[in-house]
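The values are calculated or read from the model by the stated rules, or taken from the named source; none is laboratory data. What you see is a predicted model, and the numbers here were worked out from it, not measured in a lab. Glycine gets a Cβ as well: all are built from the backbone with ideal geometry, and neighbour counts include every protein chain shown. Note: areas computed on protein heavy atoms with side chains; ligands, DNA, RNA excluded. Shrake-Rupley method; radii C 1.70, N 1.55, O 1.52, S 1.80 Å.
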Amino acid sequence: MRIIAGEHRGRRLLGPATDATRPITDRIKQRIFDRLDAAGQIAHAEVLDVFAGTGSFGLEALSRGASHVHFFERDRSAVKRLRENIAAIDADDRSTIVDADVFAHFATHRLPRPADLVFFDPPYPMVTGDADRLRRLLEVLAPQLSNDGEIHFRHDARDTPDVGNLPVLGLKDYGSMALTYIGRPGGSTP
């Protein structure tokens, strides 16, 4: 795992110590972020990395100029690696780690500022096995997006996640994984 582009291009990241998280390949991450960069969605963005693991999505966003990333992860070994990865790129002042249950957190908290970009990367079995909880979490997150903000929901390409009545902006297949793009209710559409 490494940072693909930006200020920390080529920086190696510590991978997961256990199989509790599944990192994304550099090739796929580059394709995702090249699209975001081309659309001007990274620079100065307020970003959430939900189910962050060791922080690959959020750290790439920081390297490419995101203003701040809120990392949500509760697995202790992943949080330890995440802290080390953030320190390695000296991004403590542009990062917040919430090492609590994300469902409980958003039941009682709102974001300090609207999010421009949310990387939503739950464990694949949760997409079908805990679909109702994930949908409810998405329904809490989506209204907290900026008007043009997007949620990038990573899932197994064979699954169709339940996003309720939220606006689906698109779907991109990357082989065995896919991203479903979700917008803010009442926000801009492409």
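For residue 147, the test of being among the polar types (S, T, N, Q), in a loop (DSSP other than H, G, I, E, B), open to solvent by 40 Å² or more (accessible area, probe 1.4 Å) and within 22 Å of residue 115 (Cβ to Cβ) is failed. Taking the criterion of being of a type in the set (Lys, Arg), more than 25 Å from residue 127 (Cα to Cα) and not in a helix (DSSP H, G or I), the only residue of segment 48-104 that qualifies is 64.
Among the conditions (1) in contact with a strand residue (DSSP E or B) (Cβ under 7 Å, 6 or more places away or on another chain); (2) more than 23 Å from residue 111 (Cβ to Cβ); (3) surrounded by 15 or more Cβ atoms within 10 Å (Cβ to Cβ), the only one that residue 24 does not satisfy is (1). Contact map, segment 86-104: first residue under 19 Å from residue 64 (Cα atoms) and touching a residue at least 24 places away in the same chain (Cβ under 8 Å), second residue of a type in the set (Gly, Ala, Ser) and open to solvent by 40 Å² or more (accessible area, probe 1.4 Å), Cβ cut-off under 7 Å, separation 6 or more or different chains; pairs are 94/67.
Matching residues to (1) touching a helix residue (DSSP H, G or I) at 6+ places or on another chain (Cβ under 7 Å); (2) at positive phi; (3) not acidic (Asp, Glu):
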{"site": "63", "(1), (2), (3)": "no, no, yes"}
{"site": "75", "(1), (2), (3)": "no, no, no"}
{"site": "78", "(1), (2), (3)": "no, no, yes"}
{"site": "96", "(1), (2), (3)": "no, no, yes"}
{"site": "114", "(1), (2), (3)": "yes, no, yes"}
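Mind listing whichever residues of segment 33-69 are buried (at least 23 other Cβ atoms within 10 Å of the Cβ) and hydroxyl-bearing (Ser, Thr, Tyr)? Listed by number, the residues that qualify are 54, 56. Scanning segment 59-81 for residues that are among the aliphatic types (A, V, I, L, M) and touching a strand residue (DSSP E or B) at 6+ places or on another chain (Cβ under 6 Å) turns up 61, 62, 66, 69. Just one of (1) modelled with pLDDT under 95; (2) of a type in the set (Lys, Arg); (3) in a helix (DSSP H, G or I) fails for residue 113. It is (3).
One residue stands out among those in segment 150-190 that are hydroxyl-bearing (Ser, Thr, Tyr) and outside any strand (DSSP E or B): the one that is least open to solvent (accessible area, probe 1.4 Å), which is 188.
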